[in-house]
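Following: one structure in structure tokens, then a few remarks.
No value in this document is a laboratory result; all are computed from the given coordinates. Values in this document were obtained by computation on a predicted structure and should not be read as measured data. Here the Cβ positions follow ideal geometry from the backbone for every residue, glycine too, while neighbour counts run over all protein chains shown.
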Amino acid sequence: MNGYNKYQTFDEYILDGVVTNNVKSPYVLVKKTNDTIFVIKSNNKNDTIKYTKKGNYWYTKLYIEETQSFLDKLFNNSSSKLLKIQEICEKFIYNDTVIEFLYREDEKLRMIDQTIYVNTKQHCLELVIQNDDLKDFKNLFDGIQTLVNNYKTIFPIYSPKYQSRWYNEYEKIIKNNTLNIYEIDSSNLKKFVTSKKLNSLGEFDNKGKLAWWF
């Protein structure tokens with residue numbers, strides 16, 4: 001494709017293609033300008049991911065999945081157009097860190113189930129927030145940064161009892177082609193959560209979400 005370069009995968013932490021001697025399928029096509037990056041996965045060529053420069057960070061918005069609401073499923077109403085729920089992931093990328101703001105949006109464009117994930121190659125921080133935690137910030141990124149930078153004073157650590165807000169920390173370990181996820185508890189002990197076999201796209205192969213285990 002015109003202007004695109006072929007790479008094995010795309011390293012989203014540094015926003016660059018990963019070079020290998022023998023590129024295997026699936027792979028990525030990448031085109032870069034000063035303020036825009038376009039990425040196409042070979043196993044999903046109909047969907048182009050666009051990253052845009054926004055001052056000191058890069059931004060992209062992904063529409064992950066559209067599902068029926070609980071009531072639609074309960075009454076088996078597949079024809080309803082009013083109760084569709086869209087899962088959306090907005091990403092802010094800077095300093096080798098990917099912040100994912102994941103939420104669902106109802107038919108009135110109201111955000112529900114808002115969660116922030118702060119991803120590095122070795123760790124992930126999960127912040128479950130309330131629907132009004134970001135309402136007083138004119139700039140969404142500034143609000144998210146404020147919550148992330150002060151999460152230990154704002155949020156309690158996750159507990160099995162009900163909490164409207166909480167945080168949790170995870171460690172990510174890649175061994176051979178398997179990505180293992182461990183939860184870090186309040187005593188700084190690691191508990192295995194889940195694992196995933198990676199293909200040649202590595203972490204980049206999961207509907208656009210780095211925090212794929214949620």
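Observations, loosely collected:
- Fewest neighbouring Cβ atoms within 10 Å first, the residues Glu203, Glu90 line up as Glu90, Glu203.
- Only Lys, Arg, Asp and Glu carry charge here, each on its Cβ (+1 for the first two, -1 for the last two); on that basis the chain has a dipole of about 520 debye about its Cα centre.
- In order through region 44-53: 3J(HN,Hα) via Karplus (6.51 cos²θ - 1.76 cosθ + 1.60), integer Hz, x for Gly, Pro: 7, 6, 7, 10, 9, 8, 10, 9, 10, 6
- Phi angles of region 121-136 translate, via the Karplus equation with coefficients 6.51, -1.76, 1.60 and θ = phi - 60°, into HN-Hα couplings of 5, 10, 9, 9, 10, 10, 10, 8, 10, 8, 5, 9, 5, 10, 5, 8 Hz per residue; Gly and Pro are given as x.
- Amide H contacts under 5 Å for Gly208: none, restricted to partners 5 or more places along the chain or on a different chain, H placed in the peptide plane at 1.01 Å from N.
- Residue-wise HN-Hα coupling along region 105-113, computed from phi with Karplus coefficients 6.51, -1.76, 1.60 (Hz; x: Gly, Pro): 10, 8, 5, 9, 6, 8, 7, 9, 6
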